[in-house]
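Remarks on the structure that follows.
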Amino acid sequence: MLPGVRPIELAVGALAAGATLLGLYIGYQAFRAWGRHRDPSMRYLALGLLLLTVGTYSMSFVGTVLINLRLLSLPQQDWFWLAVHTAQFTGLALIAYALHRRP
C-alpha cells in the first residue's frame with residue numbers, strides 16, 4: 001500500500017487505468033475494421049469510442065491529480081469538467097452518427 005493513499009483511491013485509479021487501456025484496445029480494433037472495409041462509419045465509431053474512453057478517462061485522471069494538488073481553482077475546475085463532459089458528449093455523438101450514417 002502506498003503511504004497516504006486510501007485503498008478506495010487505488011481501486012478507482014486502477015479501474016480508470018483499466019478502462020483507458022480497454023478503450024484503447026476497442027478503438028484500435030475499430031480502426032483496424034475501418035482500414036479493412038474503408039467504411040467511414042467505422043472511422044466515426046472508432047473516434048467516438050476513443051474520445052469517450054481514452055480521452056475522457058485521461059482528462060478526468062489528470063484533472064483529479066491537479067485538483068488534489070490544489071493546482072486548479074474552483075472556477076478552473078468548472079471549466080475543466082465542462083471540457084470533460086464536452087468530450088463525452090462529442091464521443092457519444094460520433095458513435096450515434098456512425099450508427100445512423102447512410103453511405
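The values are calculated or read from the model by the stated rules, or taken from the named source; none is laboratory data. Here the structure is a predicted model, which means the values were calculated and not measured. We place every Cβ from the backbone using ideal geometry, glycine too, and count neighbours over all the protein chains shown.
Okay, residues lined up against (1) surrounded by 13 or more Cβ atoms within 10 Å (Cβ to Cβ); (2) under 30 Å from R101 (Cα atoms):
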position: A11; (1), (2): no, no
position: G27; (1), (2): yes, yes
position: M42; (1), (2): yes, yes
position: G48; (1), (2): yes, yes
position: L72; (1), (2): yes, no
TODO: Please work out if L82 is surrounded by 11 or more Cβ atoms within 10 Å (Cβ to Cβ) and either part of a helix (DSSP H, G or I) or modelled with pLDDT under 90 (or both).
DONE: no
TODO: Please verify whether the stretch 34-41 includes one or more residues that are under 20 Å from the mean Cα position of the chain (by Cα) and among the charged types (D, E, K, R).
DONE: no
Open item on the list: For the stretch 55-103, give me each residue that is in contact (Cβ under 8 Å) with a residue 12 or more places away in the chain and among the hydroxyl-bearing types (S, T, Y).
Closed with: T56, Y57, S58, S60, T90, Y97
TODO: Could you check G91 against (1) assigned to a loop (DSSP other than H, G, I, E, B); (2) surrounded by 16 or more Cβ atoms within 10 Å (Cβ to Cβ); (3) of a type outside the set (V, I, T) and say which number it fails?
DONE: (1)
- [ ] Identify the single condition in (1) modelled with pLDDT under 85; (2) in a loop (DSSP other than H, G, I, E, B) that R70 does not satisfy, given that it satisfies every other one.
- [x] (1)
TODO: From T64, T56, grab the single residue that is assigned to a helix (DSSP H, G or I), at negative phi, surrounded by fewer than 17 Cβ atoms within 10 Å (Cβ to Cβ) and not aliphatic (A, V, I, L, M).
DONE: T64
